[in-house]
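The values are calculated or read from the model by the stated rules, or taken from the named source; none is laboratory data. Bear in mind that the values here come from a model prediction, so they are computed numbers and not experimental data. FYI the Cβ positions are ideal-geometry reconstructions off the backbone, even for glycines, and counts take in every protein chain you see. What goes into the accessible areas is simple: the full protein's heavy atoms, side chains included, and nothing from ligands, DNA or RNA. Shrake-Rupley method; radii C 1.70, N 1.55, O 1.52, S 1.80 Å.
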Amino acid sequence: MLARAAENLYWMARYLERAENTARLINSTTHVLLDLPLGASFGWANLIVVAGLDNLFHKHYPEANEESIMRFLIEDSRNPSSILSCVQYARENTRTLREVLPAEMWERINSLYLYLKENASTACRSRRDRYMVLNNIIDQRHTIIGLVAGTMTQDIAFQIIKLGRNIERVDMTTRILDLNLAVQFPEDTVLHETLMERIWMSTLNTLSAYQTYRRMISMQVRRSEVINFLLDDMRFPRSVRHCLTEIESCFKLMPKSQQLQQLVAQLRLKIENRQTDDVSTDALHNYLDGIQSELAEIHDALTHRYFHTTHDGSKPTQSSQQTEIEFPKKH
């Protein structure tokens with residue numbers, strides 16, 4: 001596979017995963033705000049901070065209110081991580097890769113793009129319509145994942161899609177966790193424990209994890225157990241450790257990936273060896289930031305190895321983008 005085609009596949013997968021998880025972030029914030037009492041220090045501005053988009057947002061919007069943030073995250077083309085931008089980029093990448101993707105892939109992604117173009121503005125104005133539109137985005141995205149899993153040969157193209165999806169999923173899972181860590185309300189609130197349970201229940205629901213958590217972990221929703229479950233439980237496919245294991249398995253099938261395997265293994269061990277009980281909010285926030293930073297290093301190393309450099313490490317020329325990526329030969 002040409003390096004340029006591999007990069008397009010990788011980013012197609014990341015953009016689709018980012019679109020879905022941005023929808024999940026917005027839904028999570030909406031649910032949290034509905035449950036908060038007076039005096040809680042949490043608002044819509046926390047959403048763009050956790051998403052890492054606050055500097056870009058303030059370049060274009062004077063005030064961080066609900067309507068402006070929704071417009072920025074859902075339909076603003078000036079934000080390359082808005083849901084509409086992500087689906088548009090994924091659509092364009094898919095258009096150039098029809099020879100390696102299932103025939104229905106283009107139809108599904110194009111249909112999602114047209115749906116968003118028609119409904120994005122409505123979703124920015126009305127909470128009820130927003131909930132419906134965002135859930136439809138998530139549902140259509142699941143259809144696309146099912147199409148890939150059920151019809152694609154598990155060749156290098158499949159592995160690169162899987163790689164992009166799981167790298168983006170680790171990043172967004174940590175951001176969704178971080179979002180609800182930002183919720184603070186007075187300790188003397190009568191319903192403090194009940195409210196905390198609702199916050200972490202919202203986190204689980206955002207990641208479609210609530211039923212699995214209750215079945216596998218506990219009927220009671222507790223902070224430390226939720227954090228452990230979403231970071232370290234191999235049985236849940238959106239947990240950080242599960243995604244890192246998937247990433248590692250992809251690299252094992254790709255040539256000259258020893259350094260990348262080592263980076264992923266180091267991060268996976270960091271997850272496995274961590275302690276969550278009685279960890280302060282600030283310490284956990286820093287820990288999640290550390291995961292995101294190490295994940296960025298893995299992305300940079302991946303890009304350097306397969307997409308943007310020649311074999312001697314020099315700056316790539318246009319012709320170097322024609323380098324092929326192949327599976328190792330079986331003996």
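Side notes on the structure shown:
- Farthest positive-ward along the chain dipole, Cα basis, beta-carbon charges - from L84, V221, L253: L253
- Calculated FRET value between R215 and H304, using beta carbons and R₀ = 41 Å, to 0.05: 0.45
- Shape category assigned to region 201-308 from the gyration tensor of Cα positions, a/c cut at 1.5: prolate
- Each residue was assigned an accessible area with a 1.4 Å probe, and for Y210 the value is about 50 Å².
- Equivalent ellipsoid, region 1-115 (semi-axes from 5 times Cα gyration tensor eigenvalues, Å): 32, 14, 12
- In the complete set of protein chains, residue-level accessible area for M132 is approximately 100 Å², probe 1.4 angstrom.
- Rounded percent of accessible protein surface that carbon and sulfur make up, the chain, 1.4 Å probe: 48 percent
- Once exposed loop GluC sites (Glu not before Pro) are cut out (DSSP; at most 11 other Cβ, 10 Å), longest piece of the chain: 188-325
- For region 261-305, taking the reciprocal of the average inverse distance between every pair of different Cα atoms yields a Kirkwood hydrodynamic radius of 11.5 Å.
- The ratio of the alpha-carbon radius of gyration of region 82-197 to the globular-protein estimate 2.2 N^0.38 Å is 1.38.
- Note on region 217-272: Kirkwood radius taken over Cα pairs, Stokes-Einstein applied at 10 °C and 1.306 mPa s, translational D equal to 131 µm² s⁻¹.
- Gain on full extension, evaluated as 0.36 nm per residue between A103 and S293 minus their Cα-Cα distance, stands at 64.8 nm.
- Dipole magnitude for the chain: about 900 debye, using +1 per Lys or Arg Cβ and -1 per Asp or Glu Cβ, origin at the Cα centre.
- Length-normalised contact order of the chain in % [C-alpha pairs under 8 Å, at least 6 apart]: 24 percent
- The ellipsoid equivalent to the alpha-carbon distribution of region 60-123 has semi-axes of 28, 12, 6 angstrom, derived from the gyration tensor eigenvalues as √(5λ) and listed largest first.
- Residues whose placed amide H lies under 5 Å from that of S208, excluding near-sequence neighbours: none
- Here the sum of -39500 (n - 2.57) over DSSP H runs of 4 or more residues, divided by the residues of the chain, equals -23000 deg cm²/dmol at 222 nm, to the nearest 500.
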